[in-house]
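First up is the structure itself, then whatever we jot down about it.
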Amino acid sequence: MPSCWTGRIPPGSPTRSRATPGGRRSSRMSDPYDVGTDERRAFWADAVADEIEARDPEDPIVIKGGVSPSGVPHLGHFNEIMRGYFVAEALRERGHEVEQVFTTDDRDRLRKLPRKLADLEWNVVGLGEVDAGALGRNLGKPYTDIPDPFGCCDSYGAHFTELLGRSAAVVDVPIETVSNTELYESGRFDDAVERVLAGRETAREVLSTFQNKVDDGYVPFFAQCSECGHLTETITGVDLDSRTVEYVCSDVEAGDGVIEGCGHEGTATFREGKLPWRFEWPAQWLTLGIDFEPFGKDHAEGSWPSGETIARDVFGFEPPVPMVYEWFTLNGDALSSSAGNLITVEEVLELLEVDVIRYFFTKNPKKQRDFDVGRIDRLVDEFDRFERAYFEGETEGIGADEAERAERAYPMVVDDTGTRPIRIPYTFAAVLGMTDDRDLRIAMARRSGHLPEDAGEDEIDAALERVEKARAWAVRTDNEFNYRLAETLPETDFDDGVETALEDLAAVVEAESPDEKALQEKIYETARNNDVPVGEFFAAGYRLFLDEPEGPRLGPFLAAMDDAFVVRRLRREA
RNA sequence: GGGCCGAUAGCUCAGUCCGGCAGAGCGUCUGGCUUUUAACCAGACGGUCGGGGGUUCGAAUCCCCCUCGGCCCGCCA
């Protein structure tokens, strides 16, 4: 006969206790914050790799991350990709074969409408710009059963999974994406589901020590209604032999509201539904053979302790090595898709080189950090120092620890450590962004000593890539580096003294073509000779060339430009 | 209310697991330079290591209490 469950707790089982995180923690339970701290390591990923190696896992070692494809992927999701990546690389360096997989939890149900969406070109749009009604009618269904609001992918889930995949691709991290829906539909999850349902009394008992509202009727499976497509929690029977469950499609509480069920009574296979998250997570570990998984601090106190226990006591396997990472903030506030405080990977890449983004995630995962767009220059400076620490080792201003960390982490950050790239300081690159003239940029960079005379064309191109980023940053934040060479003659209103001085200066440039230092001197000299206050004369120069009251050091700036143009502009001819 | 993580120079952060001189970069100030304005060089200034107590010859580091920020302890993921 079909296995029928009863709500009776077997004698001798632990009494149900209030679900406090620390309450059940026994010697078997691990502290995901405390991973990999047995030996001092300069780079955290090596400490984690030590712990994984200590388990003596079989190759390939499998590292997992995962996320629900519910909305616009943003920089925060990179933790899931990059933290695992550095551990993978540390293990590869030690000769292991490592696979990095990324589960997309696309069988989760859509519970509320996202406020923002993004098309495949990363254009972020509001809900009003798509067919919100169509989405609203699909609340309660798995993401993979909801049409793509942009009409370009197979489903809502597929759309945002595609964006996640593209995010990983742009930072050049090789990741295999695994669809949860696919795991169910293909039958790969069948055994895991069967183990949960066969041991559902144990499952219930274990879960109840972590969650309060697990009652005797609880069955750890959601069936998808064959009539309306919603996932329902009301399971009325389980048949292990035929691998099916009986269900009633009932109402589901979701956030503030209730998603109504259609009342249909039916039968679903193990492939037509899903496990609740607390069981699904360990099921993924088991099915995919996961050895290591980093996760956000939100999972540290709830999901992890239950997942770890469920792995051992329900499934009977040893859970992966865990690691908690702290969240970071964006411009001082929590990242939030719904509140609109987000920055997409695409946007970040307009401002930063890929290497710098990757570097950002080499920092200690246990510290909360702010990604401050206004101070990106500081992050890039830090990266340049990190690079210097790799190439120069322990040296003046760079300590042994810092050098060791760079020695380990830098090769995992960049493509190629063979040649040291030319790096123009970020704020100076922003200044170079004042002109689109490549030759002028090169001339200015050379004269400032940031571009060696013997640099090859490829090296120069690589170095100048930063100019576009820094320019975009200066424009986006409209900061003090947001200069722009005035293409046409600005409107001016100079007095006679200034006009005479400008003419004198034009004559000097025309006759002597002074270098930057000489020109700087000449500017002062010319102002003095004409009894023009120095500040006023500089202001005239900035007005003429930038149409701004202030600007960069004028001598080097003008010296770098074409003399004929400088003369014409000083004479206000063009 | 209970638990977990964090707090170190004005700013950004190393150092905390394993107790042993309080560190770096940036910023500021001074000079290099008859020179307001990117960069560069030299030097100086800068500290109640969030606060209090304890252990110790010795505490940023270990223990206890407290403050602040974040997270978890409903559902969901």
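Since every read-out is calculated from the coordinates, none of them should be taken as a lab result. Keep in mind that what you see is a predicted model, and the values were worked out from it rather than measured. For neighbour counting, all protein chains shown are included, and Cβ atoms are generated from backbone atoms with ideal geometry for every residue, glycine included.
Partners of A:K274 within straight-line reach, counting lysines whose Cα lies under 21 Å from its Cα and excluding those fewer than 8 residues away in the same chain: A:K64, A:K112, A:K141, A:K213. Annotation for A:F317 and A:D298: the two label points, set 7 Å from Cα along the Cα-Cβ direction, are 2.6 nm apart. Magnitude of the charge dipole for chain A, about its Cα centre and with charges confined to Cβ atoms of Lys, Arg (+1) and Asp, Glu (-1), is about 2360 debye. Over chain A, DSSP H runs of length four or greater, each weighted -39,500 (n - 2.57), average out per residue to a 222 nm ellipticity of -12500 deg cm²/dmol. Of all aspartates and glutamates in the structure, the ones whose alpha carbon falls short of 16 Å from that of A:K367, not counting any fewer than 8 places away in one chain, are A:D34, A:E80, A:D298, A:E326, A:D333. Which residue, A:V124, A:F210, A:L432, has the largest displacement toward the positive end of the dipole of chain A when charges sit on each Cβ (Lys, Arg +1; Asp, Glu -1)? Working it through, the farthest residue towards the positive pole turns out to be A:F210. Of the GluC sites (Glu not before Pro) found in region A:248-300, no site is in coil according to DSSP while having at most 13 other Cβ atoms within 10 Å of its Cβ.
In region A:64-140, which chymotrypsin sites (Phe, Trp or Tyr not before Pro) are in a loop and have at most 10 other Cβ atoms within 10 Å, using DSSP for the loop call? In loop regions of region A:64-140 (DSSP not H, G, I, E or B), there are no sparsely surrounded chymotrypsin sites (Phe, Trp or Tyr not before Pro). Applying the Karplus relation 6.51 cos²θ - 1.76 cosθ + 1.60 with θ = phi - 60° to region A:426-435 yields 3J(HN,Hα) values of 4, 5, 5, 4, 5, 5, 4, x, 5, 10 Hz, where x marks Gly and Pro. Spin-label model, A:S242 to A:E58: label points 7 Å out along the Cα-to-beta-carbon direction sit 3.6 nm apart. Distance between the modelled labels on A:H450 and A:R40, one decimal in nanometres: 3.8 nm (7 Å Cα→Cβ projection).
Of A:F160, A:F295, A:F494, the sequence from fewest to most neighbouring Cβ atoms within 10 angstrom is A:F494, A:F295, A:F160. Under a 5 Å amide H cut-off, with hydrogens placed 1.01 Å from N, A:L330 pairs with A:L335, A:F371 among residues at least 5 apart or on other chains. Cα extents for region A:438-531 along the principal axes, largest to smallest and rounded to whole angstrom: 46, 33, 20.
About its Cα centre, region A:29-185 has a charge dipole of approximately 920 debye under the convention of +1 per Lys or Arg Cβ and -1 per Asp or Glu Cβ, with nothing else charged. Eigenvalues of the alpha-carbon gyration tensor of region A:203-340, scaled by 5 and square-rooted, set the equivalent ellipsoid semi-axes at 29, 22, 14 angstrom, largest first.
How much FRET efficiency would the formula 1/(1 + (r/R0)^6) give for A:D216 and A:E350, where r is the Cβ-Cβ distance and R0 is 60 Å, rounded to 0.05? FRET efficiency, A:D216 to A:E350: 0.60.
Applying 1/(1 + (r/R0)^6) with r as the Cβ-Cβ distance of A:E499 and A:D415 and R0 = 35 angstrom yields a FRET efficiency of 0.05. Among the GluC sites (Glu not before Pro) found in region A:70-155, those both in a DSSP coil and sparsely packed, with 13 or fewer other Cβ atoms within 10 Å of their Cβ, are A:E97, A:E121.
Which percent, to the nearest 5, of DSSP beta bridges fully inside chain A are antiparallel? Of the beta bridges lying entirely in chain A, close to 55 percent run antiparallel. Extension gain, A:W277-A:D131: 0.36 nm per intervening residue step, less the Cα-Cα distance, totals 49.7 nm. Computed on chain A, the Cα convex hull volume stands at 186 Å³ per residue.
Computed over region A:378-461, the alpha-carbon pair-distance distribution with 10 angstrom bins reads 16, 41, 32, 10, 0, each value a whole percent.
Once you reduce region A:157-208 and region A:235-266 to the center of their Cα atoms, the two points are 20 Å from each other. Taking the number of Cβ atoms within 10 Å of each Cβ as an exposure proxy, the fewest-first ranking of A:H96, A:H159 is A:H96, A:H159.
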